[in-house]
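The values are calculated or read from the model by the stated rules, or taken from the named source; none is laboratory data. Fair warning: this is a prediction, and the values are worked out from it, not measured in the lab. Glycine also receives a Cβ, built like all others from the backbone with ideal geometry; neighbour counts cover every protein chain displayed. The area values use the complete protein model at the heavy-atom level, side chains included, leaving out ligands, DNA and RNA. Shrake-Rupley method; radii C 1.70, N 1.55, O 1.52, S 1.80 Å.
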Amino acid sequence: MRELKIFSGRANLPLSQKICEFLNLDLGSCKFQTFPDGEFHCKIEDVRGRDVFLVQPTCPPVNDNLMELLILIDTCRRASAERITAVIPYFGYARQDRKDEGRVPITAKLVANLITRAGADRVLAMDLHAAQIQGFFDVPVDHLYAGAVLTGYFRNKFKNPDDLVIVSPDEGSIKRAVGHAKRLGGKLAIIDKRRLGAETTKQENIIGGPVEGKIALMFDDMISTGGSICGAAELLKSKGAREIHVGASHGVFAGQALEKLAKAPVDSVVVTDSIPLAAEIDHPKIVRLTVASLLGEAIRRIHQHKSISGIFADEPIVNS
Ligand code: R5P
C-alpha cells in the first residue's frame, strides 16, 4: 500500500500532532515562511507517490488559513503525491451556503471550488454547517460528526434522562438535537430564533420541553459570537431551567464571545479541539474534548479503503 503521510498547516498544529500520535506516525516535515509582503511559502519533504493528508481547519484568521491550505495542496500536487486529502476539521465560510437575498455570494461553494481546483482528490470534514455542502465539492467528501464525542461526555456527567431537556438553539440544529436526545434520553425543546444581524439574534419562544426544573443540554454546530447560545440560555433560564450546558463541535469564539459566555446563565460550554483555543484555556466554563482519535481513525480507514460509517456504528440509543 502507498505510504501514508500527514502534514499540518499552521492553523492547529496541536491537533495534527495528536492525530499523528494516535496513528503512531511522525508528522511530515514542512517548513513555512511568510515573506515580508505577507505572502506564504512552504517546502515539504518528498511525497512522490504517497497518500497525503493535509490537516488544516479554516478557522480565524480564515483567509490566511484557507490560503495556506491551498498552497499546501498545490505544493503536494506539484511534488507528485499520488492522492491528496484535505482534512478540514472546521470549514470556514460555510454559513454563506445559499443566496438568501439578491447580489450576495455563496462562499461555501467558492471555497469548495478553490480546494478542488488546487488539486485535492478528497476532503475529510467534520460537522459542516450544512450537510449539503458535501455536494459543493466535485470530489468525494467524508463527513464526520463530533456528536458521539459530545454525547460520551454528557452521558458520563448526567445519568438520569428524566432530568434532561435536549435543546436545539434554532431550527437549523433540530436534527442534531434529535440525535442527542436519542442517545442521551430526555425531552426535546426547540428555540424560536430570529437572526437580526451578524451579531444580533432574538429568541422569544420555546417549542416542546418542558424546561422548568430540568438540566438543559443545548447543542449547536458552532459558537461564533456567542449571540445564539447566550440569547437561548437567557430564555431557558427565564423559563426555569435548573442548569444549562452547551455542546458545540466548533468553538470559534469570535469578538467578545468569551466575555458574553462568562456573563450568560450557562454552566459549562463543551467544545472540541477542531479549532485551537489559546486565550480561553483558563476560561472557567469551557471544557475541551479532543477529536484527534475520531479524525485519526477516519484517516486510517480512508487510507485502507475501509468504511467510515463503521466508526459510528456502536453508538447506543436511549428512548428511541
Ligand atoms: C447558525 O445557524 C449556527 O448553527 C450557529 O447557531 C451560529 O452560527 C452561531 O453563531 P453566533 O455564535 O454568532 O450566534
Filtered residue count, the range 70-88, keeping only those that are open to solvent by less than 70 Å² (accessible area, probe 1.4 Å) and assigned to a helix (DSSP H, G or I): 7
Residues satisfying the stated conditions in the range 245-259, i.e. more than 9 Å from the ligand (Cβ to nearest atom) and either surrounded by fewer than 24 Cβ atoms within 10 Å (Cβ to Cβ) or more than 22 Å from residue 59 (Cα to Cα) (or both): 245, 256, 258, 259
Boolean, residue 95 is in a loop (DSSP other than H, G, I, E, B) and on the phi > 0 side of the Ramachandran plot: no
The lone exception for residue 268 - which of (1) over 14 Å from the mean Cα position of the chain (by Cα); (2) open to solvent by 30 Å² or more (accessible area, probe 1.4 Å); (3) without any contact (Cβ under 8 Å) to a residue 60 or more places away in the chain it fails: (2)
Selected residue (criterion: nearest to residue 129 (Cα to Cα)) from residues of the range 201-225 that are away from the ligand (no atom under 13 Å from the Cβ) and buried (at least 18 other Cβ atoms within 10 Å of the Cβ): 217
Selected residue [open to solvent by less than 50 Å² (accessible area, probe 1.4 Å), more than 19 Å from the chain's Cα centre (by Cα) and of a type in the set (A, V, I, L, M, F, W, C)] from 198, 232, 177: 232
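Answer yes if at least one residue in the range 89-106 is under 22 Å from residue 251 (Cα atoms), open to solvent by 50 Å² or more (accessible area, probe 1.4 Å) and touching a helix residue (DSSP H, G or I) at 6+ places or on another chain (Cβ under 6 Å), and no otherwise.
Initially, the range 89-106 is screened for residues under 22 Å from residue 251 (Cα atoms), giving 89-97.
If we keep only those that are open to solvent by 50 Å² or more (accessible area, probe 1.4 Å) too, we end up with 93, 95-96.
In the following step, the residues that additionally are touching a helix residue (DSSP H, G or I) at 6+ places or on another chain (Cβ under 6 Å) were identified as 93, 96.
Checking the range 89-106: at least one residue is under 22 Å from residue 251 (Cα atoms), open to solvent by 50 Å² or more (accessible area, probe 1.4 Å) and touching a helix residue (DSSP H, G or I) at 6+ places or on another chain (Cβ under 6 Å).
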